[in-house]
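Asks: Below is the structure I would like to discuss, written out as structure tokens.
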Amino acid sequence: MSNRSMNSLFAAASLAMTMTTASLPAGAAEVIEVVLDQVKIIQLPEKAVTLVIGNPLVVDVTMLRGNNKMILTGKGFGQTQVVALDAAGEAIGESLIKVSADDTKNLVVQRGVERESYHCNERCQLTYALGDSLRHMNDAAGQILTRNGVMAGAGGAQR
């Protein structure tokens, strides 16, 4: 898709969000907190058929039509809006989604401009998070991929 097409698409989505939001009463948005890289399942309004996402870089939304729920996956830090529309295109629900880090067992080491993340239980293990230095992210991702490859090979050998 060309840059011009993408710009037109984003402009149309922004206009649709502005028009939808304008029709909702002030302070109507429910706040839902999601942890980065984790999911949360939320009940949708009764007759929701379409979901409009303000910024898909912050949260991914999957609509489960069979049981009228949505799955939110935290993709990036920040906040965005999700609006539920009925079959006529009318806004019937709005939520403000806030995505943050799970800092309960994480350790961040700052060395000048270089940043490293570790997940800690009894011992701290190398991990990566948004904001880490590229070198650290590559080291952590490389170790994870290597481990997964070894585990896949070990699983195949046992069959």
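Asks: Has the range 84-93 got any residue that is within 13 Å of the chain's Cα centre (by Cα) and either at positive phi or buried (at least 16 other Cβ atoms within 10 Å of the Cβ) (or both)? Working first, answer last.
Replies: Step one: filter the range 84-93 for residues within 13 Å of the chain's Cα centre (by Cα), giving none.
Within the range 84-93, not a single residue is within 13 Å of the chain's Cα centre (by Cα) and either at positive phi or buried (at least 16 other Cβ atoms within 10 Å of the Cβ) (or both).
Asks: Can GLU33 be described as more than 29 Å from GLY131 (Cα to Cα) and not assigned by TED's automatic domain parsing to the domain that holds ASP132? Show your work before the answer.
Replies: Working: more than 29 Å from GLY131 (Cα to Cα): no; not assigned by TED's automatic domain parsing to the domain that holds ASP132: yes.
No: the conditions fail for GLU33.
Asks: Across the range 24-33, what is the number of residues that are surrounded by 14 or more Cβ atoms within 10 Å (Cβ to Cβ) and modelled with pLDDT of 95 or more?
Replies: Of all residues in the range 24-33, those surrounded by 14 or more Cβ atoms within 10 Å (Cβ to Cβ) come to 24, 29, 32.
Checking the rest, the ones that are also modelled with pLDDT of 95 or more come to 32.
Residues flagged as surrounded by 14 or more Cβ atoms within 10 Å (Cβ to Cβ) and modelled with pLDDT of 95 or more within the range 24-33 amount to 1.
Asks: One residue is enough: does the range 111-118 have a residue meeting the conditions exposed (fewer than 10 other Cβ atoms within 10 Å of the Cβ) and part of a strand (DSSP E or B)?
Replies: Step one: of the range 111-118, the residues exposed (fewer than 10 other Cβ atoms within 10 Å of the Cβ) are 111-113.
If we keep only those that are part of a strand (DSSP E or B) too, we end up with 111.
Yes: one or more hits.
The values are calculated or read from the model by the stated rules, or taken from the named source; none is laboratory data. Predicted, not measured: the structure shown is a model, and the values here were computed from it. Neighbour counts run over all protein chains shown; Cβ positions are idealised from the backbone, glycine included.
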